[in-house]
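Quick notes on the structure that follows.
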Amino acid sequence: MPPSQQRRLRQAVQEESDEDVRQRSASPENAGSDGDERMGGIETDETSQLIKKLVRYALACDFSRTPIRRDGIKEKVLERHGREFKKVFAGAQKQLRATFGMEMVELPAKDRTLMSAEQKRKAAKSQTQKEPTSNSYMLVSVLPSEFRTPTLVGPSKVTSPEGEASYTALYSTIIAIVTLSGGELSEPRLRRHLQRLNATENMPSMNPNDGNTPNERTDAVLQRMQKQGYLHKNVESKGLGDEDSTTWHVGPRGKVEVDHEAIAVMVRKLYGREADEELEKKLQVSLKIQERKAVLTDVAEGEEDAQQEASEPGPSTRRRRRRRAEEEEEEDEE
């Protein structure tokens with residue numbers, strides 16, 4: 001075959017193959033499937049990245065004791081994917097539970113009784129009948145109670161373990177005092193309680209081992225507790241010539257982190273073996289908690305075990321008794 005015919009034949013075959021490729025790529029079935037696979041892959045990858053980003057954001061907020069706000073999630077995590085909030089939030093919850101043993105729970109909304117006069121007027125003008133929500137979250141542990149012991153879960157090392165433990169003890173104690181006082185505590189009464197705790201002027205700093213600043217001003221620590229949501233300070237103006245009325249309440253984070261059951265456990269620990277049925281009745285009235293017969297049973301069993309251990313002879317006593325018995329046997333044989 002002459003070279004010219006060979007070239008024309010190859011050109012014709014190439015044109016036919018190119019036409020077949022164009023027809024296959026232009027067919028609706030192939031175009032739809034390819035597009036679905038491509039979009040599906042991108043969507044899955046983007047959702048996975050958004051879930052990881054939300055997990056990191058939640059952990060960072062919890063590290064600084066900052067509320068995980070819904071607006072912050074949309075602005076810093078979702079950005080242009082605002083409609084994917086439910087899917088990304090559910091995926092982050094699943095990952096937090098499986099990997100970190102935590103989950104996000106919504107913080108309680110602000111109590112209407114603590115609103116200012118202007119806020120109350122705005123709430124009265126509002127026509128919405130929906131239950132108010134805070135749209136803010138915090139991380140809580142979902143580990144079983146047997147894995148929440150101080151031996152396994154120690155204080156955080158944000159600045160120092162000692163400072164973190166002191167700060168946790170302080171806000172837990174103040175929250176317990178406010179709650180057991182009916183949920184409200186006046187400024188003078190709070191100061192009297194702080195005086196009993198030897199914390200009128202100063203409290204331990206976040207790094208008590210620091211020789212330069214082992215302590216902090218009490219007012220500065222109380223302001224930090226307000227900022228982080230453990231306490232709420234309500235100042236009501238009385239008018240000209242009268243002093244403002246200041247009361248302290250438990251903040252949204254304090255209600256979740258130091259709930260009524262945690263306060264009851266704290267009180268029982270403080271009373272120790274003196275915790276009796278009378279104390280349980282007072283806790284049930286003050287905290288509206290369920291009866292804890294198991295706790296009393298455990299305390300009684302603990303006391304019985306202690307008494308039994310005290311009555312049982314120790315190793316040295318048993319050794320003396322064995323020697324005495326051996327000596328008596330030798331005397332009888334002689």
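See the values below:
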{"quantity": "Size-normalised alpha-carbon gyration radius of region 225-277, reference 2.2 N^0.38 Å", "calculated": "1.67"}
{"quantity": "Alpha-carbon gyration tensor eigenvalues x 5, square-rooted, for region 48-114, Å", "calculated": "21, 15, 11"}
{"quantity": "Rounded to the nearest 20 debye, dipole of region 203-262 from Cβ charges on Lys, Arg, Asp, Glu", "calculated": "180"}
{"quantity": "Ranked order, GLU216, GLU274, GLU236, GLU257 - accessible area, probe 1.4 Å, largest first", "calculated": "GLU274, GLU236, GLU257, GLU216"}
{"quantity": "Region 175-218 - percent of accessible surface contributed by carbon and sulfur, probe 1.4 Å", "calculated": "44"}
{"quantity": "Which of THR179, THR151 is most accessible, then next, and so on - probe 1.4 Å", "calculated": "THR151, THR179"}
{"quantity": "Förster radius 30 Å - calculated FRET efficiency between GLN49 and LEU143 (Cβ-Cβ, nearest 0.05)", "calculated": "0.65"}
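The values are calculated or read from the model by the stated rules, or taken from the named source; none is laboratory data. Because the structure is a prediction, the values reported are computed rather than measured. Cβ coordinates were reconstructed from backbone atoms using ideal geometry, including for glycine residues, and neighbour counts include every protein chain displayed. Surface areas here come from the heavy atoms of the whole protein model, side chains and all, with no ligands, DNA or RNA. Shrake-Rupley method; radii C 1.70, N 1.55, O 1.52, S 1.80 Å.
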